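Below: one structure, written as structure tokens.
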């Protein structure tokens, strides 16, 4: 009698459950990373380099913006910076100096650097002298 057994072991691995787990982990990390805010203290420096300043934007911890000493809203900041650069003597190499108080959210400083980039101006961040 030539009966054959049909009990072959399958060497396949089901990837469907693994892809579900990876997808859920990806969603978890995407959601939690948007909730985490990183507060970075602005650096202190001992350098004595003085950079030319055409436009100065100051941000307080309370969220008050000032442009060259005048209070301004966040909505009107881009137009005001554009006008200040156009009125500057150094239009081609204009520099926007960002003076941020400690405790200011880093995303606000980043928004101003992006604004300066859109206006084709250099952006520098003012630092404090190191305390000895």
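Does residue 92 satisfy the criteria of being within 23 Å of residue 50 (Cα to Cα), touching a helix residue (DSSP H, G or I) at 6+ places or on another chain (Cβ under 9 Å) and part of a loop (DSSP other than H, G, I, E, B)? Outline the logic, then answer.
Values: within 23 Å of residue 50 (Cα to Cα): yes; touching a helix residue (DSSP H, G or I) at 6+ places or on another chain (Cβ under 9 Å): no; part of a loop (DSSP other than H, G, I, E, B): yes.
When the stated conditions are applied, residue 92 does not pass them.
Within segment 56-89, being closer than 12 Å to residue 112 by Cα and in contact with a helix residue (DSSP H, G or I) (Cβ under 8 Å, 6 or more places away or on another chain) holds for 57, 59, 65, 67, 77, 78, 81.
Kindly evaluate residue 53 against the criterion of being in contact with a strand residue (DSSP E or B) (Cβ under 6 Å, 6 or more places away or on another chain) and part of a strand (DSSP E or B).
Details: in contact with a strand residue (DSSP E or B) (Cβ under 6 Å, 6 or more places away or on another chain): yes; part of a strand (DSSP E or B): no.
Taking the combined requirement at face value, the residue does not satisfy it.
Comparison of 35, 65, 31, 26 shows that the only residue that is surrounded by 10 or more Cβ atoms within 10 Å (Cβ to Cβ), farther than 22 Å from residue 94 by Cβ and either under 24 Å from the mean Cα position of the chain (by Cα) or modelled with pLDDT of 70 or more (or both) is 26. Only one of the numbered conditions (1) at pLDDT below 80; (2) outside any loop (DSSP other than H, G, I, E, B) is not met by residue 6, and that is (2).
Take residue 99 and tell me if it is in contact with a strand residue (DSSP E or B) (Cβ under 6 Å, 6 or more places away or on another chain) and either part of a helix (DSSP H, G or I) or farther than 14 Å from residue 68 by Cβ (or both).
Numbers: in contact with a strand residue (DSSP E or B) (Cβ under 6 Å, 6 or more places away or on another chain): yes; either part of a helix (DSSP H, G or I) or farther than 14 Å from residue 68 by Cβ (or both): no.
For residue 99, the condition - in contact with a strand residue (DSSP E or B) (Cβ under 6 Å, 6 or more places away or on another chain) and either part of a helix (DSSP H, G or I) or farther than 14 Å from residue 68 by Cβ (or both) - is not met.
Does residue 99 satisfy the condition of being touching a helix residue (DSSP H, G or I) at 6+ places or on another chain (Cβ under 9 Å), closer than 17 Å to residue 123 by Cβ and touching a residue at least 24 places away in the same chain (Cβ under 8 Å)?
Values: touching a helix residue (DSSP H, G or I) at 6+ places or on another chain (Cβ under 9 Å): no; closer than 17 Å to residue 123 by Cβ: yes; touching a residue at least 24 places away in the same chain (Cβ under 8 Å): yes.
So residue 99 fails the test.
The values are calculated or read from the model by the stated rules, or taken from the named source; none is laboratory data. Remember, predicted model here, so these are calculated numbers, not experimental data. Counting neighbours? That spans all protein chains shown, and the Cβs are built from the backbone with ideal geometry, glycine included.
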